[in-house]
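The values are calculated or read from the model by the stated rules, or taken from the named source; none is laboratory data. Quantities reported herein were computed from a predicted structural model and do not represent experimental measurements. Here the Cβ is made from the backbone with ideal geometry for all residues, glycine too, and neighbour counts use every protein chain on show.
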Amino acid sequence: VSATSYGWLVLAFPLAGTLIVALGWRVLPGRVPGWIATSAIFLAFLSAIGALFDLLDQPEEERQLVDSAWTYAATGDFKADLAILVDPLSLFMCLVVTGVSFLIHLYSVAYMGGDRGYARYFAYLNFFVFSMLVLVLAANFVILIIGWAFVGAASYLLISYWYRRDTAVKAGIKAFVINVIGDIGLVVAAFLILDQVGSLDFLPVFDQAGDAFARNDGTLVAACLLLLVGAFAKSAQLPLHTWLPDAMEGPTPVSALIHAATMVTAGVYLIARMHPLFELAPTAADVGAIIGCATLLFAGTVALAVTDLKRVIAYSTISQIGYMVMGVSVAAYGAGLFHLMTHAFFKALLFMGAGSVIGAMAGIQNMDRMGGFRRAMPFTFITFTIGALALAGFPLTSGFFSKDEILAFTLNRGGGYAVLGVLGYVGAALTAFYAFRMVFRVFFGDAVPEARELEGGHIAHGEPVNPMTGESEDTEVGFPGPEHHVAERSWPMKAAMGPLALLAIVGGYLAVPGVSDVIEKFLEPTFADSRFHDTAPSDGAEWVGLIVGGVISILGIGAAWWVYLRKPGTATRLRERFAPVHTFLVNKWYFDELYDALFVRPVTSFGSFGRRVIETDFVQGTIVGGATGIVRVGTSIARSIQTGYLRAYALLLLAGVAGLTLYFLVNSS
Amino acid sequence: VTIHLSIVLFLPLATGLAGAFLPRGLARWAVLAGTVAVLAYVIVMLFDFESGGGLQWVTDDEWIPDLGIRYSLGVDGLNLFMVALTAVAWVPCTLVAAFSELERPRLFFFNLALAETAVLGAFMAQDLALFVVFFDLMLVPFYFLIGVWGSGDRVRATTMFVIYTLAGSLLMLAAAVALGVLATPSGGDISFSLADLQQRSIANGSQHWIVLLFALAFFVKAPLFPLHGWVPATYRSTSIPVLALLSGVLSKVGVYAFLRIVLPIMPDGADYWQELFVILAVFSILYGSILAFSQDNVRLVLAYSSIAQLGFIVLGIFAFEGKGAQGALFQMLNHGLVTVPLFLIVGVIAVRARGSESLAELGGMAFRAPVLAALFLITALATLAMPGSGNFIGEILILFGAFEDKLVYGLVASAGVALAAVYMIRLYQGTMHGRAGPAVESREIDTVNLAAVAPLVAIVIALGLYPNFVVHRTERDTTQNIARVVALSGNAEISVIK
């Protein structure tokens, strides 16, 4: 069995899972849909491993395999096959996606128990994984865009999963529309590339790009910037990030899977995949690096102020993807993708822990209401803390190695890039602080009633309310389910969080400077053509970076400890002292308000202007009735309808047709 | 010369006539059987069709020899899928109508059958005069279908519809006659055969105004801004199965005729108006999209969305480029295939909301009607040209075609893609998601509508999986029909005839 056959299998299992669960929703009992969906992803994971072994058997220069199922659409110079590309990069993504997805499916089997939409949930979740795999396996722009959009649709469906909530519905359309803006970016970019290079297939495009474009060719820079629009929309980078915090309306495992571990990293994958183009258009790559850096700082500051637990993690995700985007934009491909992987581990873990806490809080997500869960939820506490340590880049955890590798590479590029690297370290301090702001506020301090109730042996049950608005839920439909689940009491959740906690620590050992470079080596065939292939920083320099990063991380955690545990009340004092800054941050830099004023309101007011003025006065008035002559013609025709002229005309036509029919039935034989 | 196309063409009318003499209850089944038979015939044709084989199953007889008018029918890549769309669309609409309570059913179904014959005739005609006859004939059954079986302010609706389309028809009649006469070389015989007309030369100045007259007629039918004045009233009052056909199929006849008649016969005239028509198309896209999400009435959302979608099609045609024209043709099929189920679903929704079609009163239906919601979702996503649907391939080809020569217009039109996402998702959410509206009584889709909608959704999915089925069969004839205008506008090197 060849690697590409395994590649097709990787796609086939989640698709089959989707179809079985979606079509069998009425007959599949209890948790069966969950188990079917979970096994489908597990089989996809095994297939990806099969492809891995097969690919490693090939000589390095032959590790880029394309296989086409059929011609998807071909006319003129537009030609696209339904084809997959199996190479180290796509396989790396497949392994991360299926591996993490499998654990999140497993977690969901328990977490979503009692929800009336159980089968629908797993059909969507499987469909998401399928779409994500289409995205990473695509061998040309058309299939890439299809996977890209499918992923957006799956994300939309899961954000709006609890569709009786007004907030979930609004968050859904916002995410969908911003994602479509990204799709349009990709479509226009694909056109420019087709127009200049004459192909839509990745490998020929990458081969010929060097001949078709001069360095920093205007068209190519435009194409790469448009690719970045797609990447930024999907990866929630400035200024297209506003949908991701709202996407937290989806169930928590969805936040873990789609809005942290996999889909939102698609932009990083895209830049890495298109690296031959970006290296020919360094201006566009620099834009990517600057935006990534700006995003990581911006989101880090917001994460300091927001009190909704899931939204803190969401802003943390935006910030971490900023690191990855910066990394792949400065040609630190191995490092960027390494961070993508470790981030998938620890961020999924953090969301799972958050889900467990939210379960214990009977759906409440506000950190102001939480505290002292340390004793009530020891497993969640330990795993969540491991996740937070990795996020903070605490020495010897996975995030420590991956984040600092990006920063070391950025600093090593020198010049203006050094500024970006230094700002990256500032972001790292923010990260360590807000990561432990969560830990200290949720697990330390006095136990809240919900925590004491859990210590007493049962899970709190609150009135079902929308956590965002406080509105009481529409309980008629049975979802969100009345049951709440905590990791301590359901083994599938534990079974998912345990391995992730382990990976959040040891995942980093795949690439330790001077010790191991598994990731770099494995990805080598994809990135061998990079101009920056030999410009990686020395092991010594990387270790200096690691030590600096480690110190910053410990200082950040220490600061959080000081503010929240050592001197509780400091946070309140700081908030009062810097009230305007705090308001600015809590309102997320007012991006939503800005877009509302810039786009939403002008378009809607043009809509009502069109409805009230253009339609009635111009189209109906001027064009229909403005000229009296036309009106007279109109009324006379209208009168003729009454008096039967038109009927006579119609009858005449009918008779004609009947005659014709007869004539030709007789004649044409 | 074969009789096949004549059979396909007159089969619906024959069953309609037969139904008129059958007992009241039986007419509907006769007509339904007729539509099914036409569909079966067309499916066989689809697979028998020889890609790139030019006109097939040609019927060519003298009709009025003194005027050079021939009874000439033929199917090639350009109209194969238009004929197929007609055949496919008529079955579910007739089915839904057959199961609804109607006054004077025999007359209704006779009109419905006559309409199918007229539309098929317009699509298959290879003679300009014959095309005009069928084009005008379409008006008659629809006049009755809207006027007699419509609801609400149907008199106003019919009046508007008739004024607009009749005005358009008269302009086109004048244009067709003028074209035939002006194209006749001195001493030669007059001919309306499309093949003959393509060989003849028409003075540039004449081409300009003749094309304008044709365009007015076709833009009214499409409809395109600002000639869509008849749309709101007509869409509000027409009964659902008729409206589905009006919006899904009839709207394609005009734009199809651009590719069949205007571009190959009068390339200079088409080239002359290109800029203006492209601007109109782009404006229709934006205007239709914005108006679509400002509407509260579900039907009007779809009405304005049609204006936007037809704008895309006109943009593709007037890009004068192979991909654009291919995309436009494919999009005609795709738009028809999603519009029909969308309107049928609107009918289903209205029944579950005590007849209300106002988004303010709808909502929350998905819970007790998951199958309905799923069908609606797939259709809605296809309508907004979600990648992975045939509509996406249609739209991307249109945009690519437009980008080639009219990059700025193409980019502005791309904004319409995002706006389409806004109005379609808003429509879906407004009916299916959120809390249940006060009048909503959520029930699953009934068997009849399921039987009507599900096959269409299946076709939409199939085209999403393998769009090349259509693209491959239409490529050669589309390219040929725009070849003259492409050569004229200097896009020749872009579009290569295979």
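Which residues, taken from segment A:156-201, are among the charged types (D, E, K, R), closer than 27 Å to A:PHE78 by Cα, part of a helix (DSSP H, G or I) and more than 7 Å from chain B (Cβ to nearest Cβ)?
So the first thing to find is which residues in segment A:156-201 are among the charged types (D, E, K, R), and the list is A:164-166, A:170, A:174, A:183, A:195, A:201.
Add one more test, that the residue is closer than 27 Å to A:PHE78 by Cα, and what stays is A:183, A:195, A:201.
Applying the additional criterion that residues be part of a helix (DSSP H, G or I) yields A:183, A:195.
Selection gives A:ASP195 alone.
Restrict the check to segment B:318-332 and report whether at least one residue is among the polar types (S, T, N, Q) and in a helix (DSSP H, G or I). Yes - at least one qualifying residue is present in segment B:318-332.
Of the residues in segment B:387-403, at least one is part of a loop (DSSP other than H, G, I, E, B), of a type outside the set (Val, Ile, Thr) and either in contact with a strand residue (DSSP E or B) (Cβ under 8 Å, 6 or more places away or on another chain) or within 13 Å of another protein chain (Cβ to nearest Cβ) (or both). Per the listing B:ASP76, B:ASP60, B:ASP66, B:ASP48, the residue uniquely in contact with a strand residue (DSSP E or B) (Cβ under 6 Å, 6 or more places away or on another chain) and either at pLDDT 85 or above or not hydrophobic (A, V, I, L, M, F, W, C) (or both) is B:ASP60. Residues in segment B:333-386 that are of a type in the set (Gly, Ala, Ser), under 19 Å from the mean Cα position of the chain (by Cα) and either in a loop (DSSP other than H, G, I, E, B) or at the interface with chain A (Cβ under 10 Å from one of its Cβ atoms) (or both): B:ALA385 alone.
Please work out if A:PHE338 is touching a strand residue (DSSP E or B) at 6+ places or on another chain (Cβ under 7 Å) and buried (at least 24 other Cβ atoms within 10 Å of the Cβ). I'd like the intermediate steps shown before the answer.
Values: touching a strand residue (DSSP E or B) at 6+ places or on another chain (Cβ under 7 Å): yes; buried (at least 24 other Cβ atoms within 10 Å of the Cβ): yes.
Against the criterion (touching a strand residue (DSSP E or B) at 6+ places or on another chain (Cβ under 7 Å) and buried (at least 24 other Cβ atoms within 10 Å of the Cβ)), A:PHE338 qualifies.
Summed over segment B:215-239, the residues that are under 20 Å from B:ALA452 (Cβ atoms) and over 16 Å from the mean Cα position of the chain (by Cα) give a count of 2. Does at least one position in segment B:166-189 carry a residue that is within 23 Å of B:ASP136 (Cβ to Cβ), at pLDDT 80 or above, among the β-branched types (Val, Ile, Thr) and not in a helix (DSSP H, G or I)? Within segment B:166-189, one or more residues are within 23 Å of B:ASP136 (Cβ to Cβ), at pLDDT 80 or above, among the β-branched types (Val, Ile, Thr) and not in a helix (DSSP H, G or I). Selection of segment B:404-423 for residues being part of a helix (DSSP H, G or I) and over 19 Å from B:ILE290 (Cα atoms) yields B:GLU404, B:ASP405, B:LEU407, B:VAL408. Determine whether A:TYR663 is within 14 Å of chain B (Cβ to nearest Cβ), more than 28 Å from B:GLY229 (Cβ to Cβ), out of contact with any helix residue (DSSP H, G or I) (no Cβ under 8 Å at 6 or more places or on another chain) and at pLDDT below 60. It is true that A:TYR663 is within 14 Å of chain B (Cβ to nearest Cβ), more than 28 Å from B:GLY229 (Cβ to Cβ), out of contact with any helix residue (DSSP H, G or I) (no Cβ under 8 Å at 6 or more places or on another chain) and at pLDDT below 60. Only one of the listed residues (B:ALA483, B:ALA454, B:ALA462) is surrounded by fewer than 20 Cβ atoms within 10 Å (Cβ to Cβ), of a type in the set (Gly, Ala, Ser) and without any contact (Cβ under 8 Å) to a residue 12 or more places away in the chain. That residue is B:ALA462.
Output the residue which, of all residues in segment B:56-97 that are farther than 23 Å from B:LEU333 by Cβ and hydrophobic (A, V, I, L, M, F, W, C), is farthest from the other protein chains (Cβ to nearest Cβ). Within segment B:56-97, the match that is farthest from the other protein chains (Cβ to nearest Cβ) is B:LEU67. Cβ separations smaller than 9 Å between residues 6+ apart or across chains give the following pairs from segment A:452-466 residues that are free of Cβ contacts under 8 Å to residues at least 60 places away in the same chain to residues that are loosely packed, with under 14 Cβ neighbours inside 10 Å and of a type in the set (Ser, Thr, Tyr): A:GLU463/A:SER472. Taken together, the residues in segment B:203-239 that are of a type outside the set (Gly, Ala, Ser), at pLDDT 85 or above and part of a loop (DSSP other than H, G, I, E, B) amount to 3. Would it be correct to say that A:GLY569 is in contact (Cβ under 8 Å) with a residue 12 or more places away in the chain and at positive phi? For A:GLY569, the condition - in contact (Cβ under 8 Å) with a residue 12 or more places away in the chain and at positive phi - is not met. From the list A:ASP517, A:ASP534, the lone residue that is under 30 Å from A:VAL66 (Cα atoms) and exposed (fewer than 15 other Cβ atoms within 10 Å of the Cβ) is A:ASP534. Within segment A:80-134, the residues that satisfy the criterion of being under 19 Å from A:MET497 (Cβ atoms) and not in a helix (DSSP H, G or I) are A:MET112, A:GLY113. For segment A:214-254, a residue qualifies if it is small (Gly, Ala, Ser), over 20 Å from A:LEU186 (Cα atoms) and part of a loop (DSSP other than H, G, I, E, B), and the qualifying residues are A:ALA214, A:GLY250. Within segment B:297-313, one or more residues are within 12 Å of chain A (Cβ to nearest Cβ), surrounded by fewer than 23 Cβ atoms within 10 Å (Cβ to Cβ) and either touching a residue at least 24 places away in the same chain (Cβ under 8 Å) or over 24 Å from B:GLY410 (Cβ atoms) (or both).
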